[in-house]
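The structure appears below as structure tokens.
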Amino acid sequence: MTDTPTRVVIVGQGYVGLPVAIRACEQGHDVVGFDVDERRVKRLGAGESMVEDVTDLRLAAALESGRYRPTTSADDCAGFEVAIISVPTPLSEGNPDLSYIEDAAQTLAGHLTKGATVVLESTTYPGTTEELVGPILEAGSDLVAGTDFHLGYSPERIDPGNREWTFVNTPKVVSGIDADSLTAVTAFYETLVDRTVPVSSPREAELAKLLENTFRHVNIALINELAMFANDLGINVWESIDAASTKPFGYMRFTPGPGVGGHCLPIDPSYLSWRVKSSLGHAFRFVELANDVNDHMPDYVVRRLIVALNNRGLAMKGRRVLLLGLAYKRNTGDARESPSASVARQLLELGADVRAADPHVSDDFLDISVRRVDATADEVAAADAVVLLADHDAFDLELVAANACYVLDTRHRLTGENVEHL
Ligand SMILES: NC(=O)c1ccc[n+]([C@@H]2O[C@H](COP(=O)([O-])OP(=O)(O)OC[C@H]3O[C@@H](n4cnc5c(N)ncnc54)[C@H](O)[C@@H]3O)[C@@H](O)[C@H]2O)c1
């Protein structure tokens, strides 16, 4: 618990903003959770969390404390001492869409007072805090960044569903546009997390986040491409990965999968390549190549399925295919940009009878119409093919292996004569 409760506004109550808001409340701060989505705010007010990292119990305790107020009213932002912006940063026709950050900054500008601190947490290209957020805050408040208010950037590293590395024990990179801003930003986050990592300006912090995600994106693409070649060469790539992973230095384990999803990997590296291209005129070739490989992984999954059915004398048209996992990764309900949706869409186009089991993903998240089922023994046994796309703990994988006539396991969790791996 902090000795210095602060009036905090968190703009955006999604996967990033909500955990930060609840942690801030639990540490004794007074928190307004501002979001433009009325439905979301209503659900939060009713104690219903949509984010795995915040249980309904924690949300209820925060609401009961009276120190957490979810709201859609911008007026409730008045009087903040610290404001955090955690709104989406999507791509629009391949280019960064910063309109959400602009709107959020505009809202805060109207309530900015001398001595307050504003921190951007949304993932974005280097320069956004100083070139976009600062000027909007200044124009809307008649105050001067650095002189009248503090401004900084602190990238969010939250990994939804990760129980080992949480918001609290994951070191938090912090930055400010000047020394006083850095001090203010650091002091606030020190009340929330175990360790802060100061860097010299928002640009280094913005780039650090994109470096982390681009590193992951590129390495996943490398292993995905290798998996496709290895299969064609008749080599068990998983065994090679296990063997390589015994090297205690200079190697980091990545595993193949049906593609990348979520809000980060399919999008963030493109923010960096856009910045490089627009400022320097160069293509960021690693990012372009990684996008190409990872974007095509769902096609590869479908091709493998077509071949597997073909080997049994079956056409895809009319075949019953059970997809296990619609989320982009295990134990999360996040299906944004999920490769499973692309797999499902392609199978539907080929005339398959597609069913999907995922206890975490609600239909609100889906823009495909597949029949939702539970992964029961009957459902598994009735399918011509089962595809394991997200290996949620909730799935009984032994039941799947025991009852399926054929499984394409993209996560390497099953064994058996009826199982093929990516
Ligand atoms: N989800 C992750 O795992 C993750 C991890 C690290 C960083 N990030 C980054 O954090 C940012 C937020 O991502 P998220 O996953 O929390 O998104 P999200 O979609 O889950 O939540 C964003 C929320 O912001 C709200 N919003 C949009 N415009 C607003 C406005 N002008 N004022 C108030 N609220 C507004 C939306 O209604 C939504 O509820 C993105 O930049 C993302 O790249 C996400």
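Values in this text are rule-based calculations from the coordinates and carry no lab data. Source: prediction; values computed, not measured. Heads up, the Cβs are rebuilt from the backbone with ideal geometry, glycines too, and the neighbour counts pull from every protein chain shown.
Observations on the model:
- Among 145-158, 89-102, 313-326, 256-269, sorting by the average number of other beta carbon atoms lying within 10 angstrom of each residue, highest first, gives 256-269, 145-158, 313-326, 89-102.
- Gyration tensor verdict on region 153-232 (Cα atoms; rounded if a/c is under 1.5, prolate if a/b is larger than b/c, oblate otherwise): oblate
- Here the contact order of the chain, divided by its residue count and restricted to Cα pairs under 8 Å and six or more residues apart, works out to 10 percent.
- A viscosity of 1.306 mPa s and a temperature of 10 °C, combined with the Kirkwood radius over Cα pairs in Stokes-Einstein, give a translational diffusion coefficient for the chain of 69 µm²/s.
- Annotation for Thr147 and Asp242: the two label points, set 7 Å from Cα along the Cα-Cβ direction, are 6.5 nm apart.
- Span from the region 293-347 Cα centroid across to the region 229-254 one, whole angstrom: 23 Å
- With kT/(6 pi eta Rh) evaluated at 25 °C and eta = 0.890 mPa s, and Rh the Kirkwood radius from Cα pairs, region 102-256 diffuses with a coefficient of 137 µm²/s according to Stokes-Einstein.
- Normalising by residue count, region 252-346 has a Cα convex hull of 134 Å³ per residue.
- Calculated FRET value between Ala74 and Ser362, using beta carbons and R₀ = 30 Å, to 0.05: 0.60
- One Cα centroid belongs to region 14-48, the other to region 363-411; the line between them spans 33 Å.
- Eligible lysines near Lys317 by straight Cα distance, threshold 29 Å, same-chain separation 8 or greater: Lys329
- The spread of Cα positions in region 1-132, taken along each principal axis and listed from longest to shortest, comes to 41, 34, 24 Å.
- Estimated at 0.36 nm per residue, the fully extended path between Ser369 and His282 surpasses their Cα-Cα distance by 27.3 nm.
- Span from the region 147-170 Cα centroid across to the region 79-145 one, whole angstrom: 16 Å
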